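First the structure, in the form of structure tokens, and then the observations on it.
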Amino acid sequence: RVLCSARAAVLLYDEAQKLWVPAGGVPGAGGAGPPPPQNPPSCVQLFHQPGSLGFRLVGRRLGPEQQV
């Protein structure tokens, strides 16, 4: 069952670079030149499984590919 849902810019921490980067990466990030294109927002949902007392956080891009 879905507990909540939100639109968000999803970021992952890159330990090697010691900074937050957009999930899925951005072509050309980190280099000189024009800023990289914006990543489409994601739909982030928090699911709860009462029987196992488990939770799952799922992010899905809102673009046509709907990458999870």
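The values are calculated or read from the model by the stated rules, or taken from the named source; none is laboratory data. Here the structure is a predicted model, which means the values were calculated and not measured. Using ideal geometry, Cβ is built from the backbone for each residue, glycine included, and neighbour counts are taken over all protein chains shown. Heads up: the accessible areas ignore ligands, DNA and RNA and are worked out on the full protein's heavy atoms, side chains in. Shrake-Rupley method; radii C 1.70, N 1.55, O 1.52, S 1.80 Å.
Observations
- Seen from V2, the other residues with C-beta closer than 13 Å to its C-beta sum to a net charge of +3, counting Lys and Arg as +1 and Asp and Glu as -1.
- Ranked from largest to smallest solvent-accessible area, with a 1.4 Å probe on the protein heavy atoms, F47, F55 come out as F55, F47.
- Summing charges over all other residues whose Cβ lies under 9 Å from the Cβ of Q45, with Lys and Arg as +1 and Asp and Glu as -1, gives +2.
- What the phi angles of region 46-59 give under the Karplus curve with 6.51, -1.76 and 1.60, with θ = phi - 60°, is a coupling list of 9, 9, 10, 10, x, x, 9, 6, x, 10, 9, 10, 10, x Hz, glycine and proline written as x.
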